[in-house]
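The values are calculated or read from the model by the stated rules, or taken from the named source; none is laboratory data. What you are looking at is a predicted structure, and each value in this text was computed from that prediction instead of being measured. Glycine also receives a Cβ, built like all others from the backbone with ideal geometry; neighbour counts cover every protein chain displayed.
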Amino acid sequence: MLARWTRQLLWRPFELQCRRFPLWPFRADVTRPVDGVACIRINNLLSRALSRFGGGYEYAVSYLIDGALVVDTGFPWARRCLRRTLIELGADRTIQCVVNTHYHEDHTGNNDLLAEMTGATIYAHRLAVPEIRFPPELPWFRNFLFGPGRPVEVQPIPPRIETPRFHFDVLETPGHCPGHLCLFEPQRRWLFSGDLYVAADLSSQLCDADGPSWIESLRKAIALRPAYLFDGHGTVLLEEAAVDALLRRKLDFLLTIQRWVAAAAKNAQSVREITNRVFDRRDLVDYLSLGEGWLSLLTASNFSRSNFVKSFLRADDTVLPADGDGCPR
């Protein structure tokens, strides 16, 4: 109860202030990697520092396609900057729909802004709809880094999304989380991949990650032979061989972890023991995080390597007890 009152009396005014005047000013960089696609990157000093610390991948970006479709809406703290950018692009008069690749707040955080500005229909995978329509209360670090989302109406996505010049097949690609999807333009072989990639060897994950499903989703995407990749955190590749190599590197990493988990689980006594065997490293971060990785330190264990390991154990029908937040131990 004390925590809820503290949140209401202290955090709520801070939240409202940051929506209008962020602690660190944001700036938007707009690039046009191919005709018909604009990549909107919004960051500030803090987010750039965290990006370098975290391995180089940025805060989530938004893609404006054909002036009519927005893929992911970024994080709530970027609201005013995104609004200004869309007006400068003239997109506030042309946007017709929004697609969320998944329900995490750094990809859905400005849905309400797009709905207010443009009246656009917002689409997501049916499994993601409840989380987007009624955003859950987030851990402190996610509120601080991204800002809290607002409720917004969202519709289950149809099998195909069309703009005046392009059409996109909707691919179900769970793994990063349930209800994750990608958009694929078959004529141009564009793949808007959300968080299918993110980073090749990011080992710490939230408890909604599913390693085996992620492997199958990568195989599905690779089989399409995409020639262009537009990643949800800013990686853009414009050549088939480079896209194939990138996705296969991620796939190889996941397959390696899967093999190591299976081998370690044969004679281990706990998830912690399996995790320490799979990620057998001896640097300062590992000592400080008790083997759970740098993201675990930053997020008070909300991200962890154990979460990733447990997802592979669940695939083997291993019965695991649940902890207080409903995530398997």
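Quick notes on this one:
- Selected residue [crowded, with 22+ Cβ neighbours inside 10 Å and either under 15 Å from the mean Cα position of the chain (by Cα) or at pLDDT 90 or above (or both)] from 40, 87: 40
- Some residue of region 207-229 being of a type outside the set (A, V, I, L, M, F, W, C) and modelled with pLDDT under 95: yes
- If the condition is being surrounded by 15 or more Cβ atoms within 10 Å (Cβ to Cβ) and modelled with pLDDT under 90, then region 238-272 contributes 268, 272.
- Residue check: residue 281 meets all listed conditions (1) buried (at least 19 other Cβ atoms within 10 Å of the Cβ); (2) basic (Lys, Arg); (3) modelled with pLDDT under 85 but one, namely (1).
- Matching residues in region 85-111 - criterion: being closer than 24 Å to residue 164 by Cβ and small (Gly, Ala, Ser): 90, 91
- Only one entry of 134, 146, 141, 192 meets the criterion of being at pLDDT 95 or above and either within 15 Å of the chain's Cα centre (by Cα) or not basic (Lys, Arg) (or both), and that entry is 192.
- Within region 169-197, being of a type in the set (Gly, Ala, Ser) and touching a Cys at 6+ places or on another chain (Cβ under 7 Å) holds for 193, 194.
- Which numbered condition residue 156 misses (of (1) modelled with pLDDT of 95 or more; (2) farther than 29 Å from residue 253 by Cβ; (3) buried (at least 17 other Cβ atoms within 10 Å of the Cβ); (4) not aliphatic (A, V, I, L, M)): (3)
- Just so you know, in region 62-84 the residues that are at pLDDT 95 or above and part of a loop (DSSP other than H, G, I, E, B) include one that is nearest to residue 192 (Cα to Cα), and it is 72.
- Considering 181, 218, the condition of being in contact (Cβ under 8 Å) with a residue 60 or more places away in the chain and either buried (at least 18 other Cβ atoms within 10 Å of the Cβ) or closer than 22 Å to residue 123 by Cα (or both) is satisfied by 181 alone.
- Where helices (runs of 4 or more DSSP H) fall wholly inside region 94-163, the ranges with 1 or more residues that are among the hydroxyl-bearing types (Ser, Thr, Tyr) and farther than 15 Å from residue 69 by Cβ are 105-108.
- When residue 101 is tested against (1) at pLDDT below 95; (2) buried (at least 17 other Cβ atoms within 10 Å of the Cβ), just one condition goes unmet, and that condition is (1).
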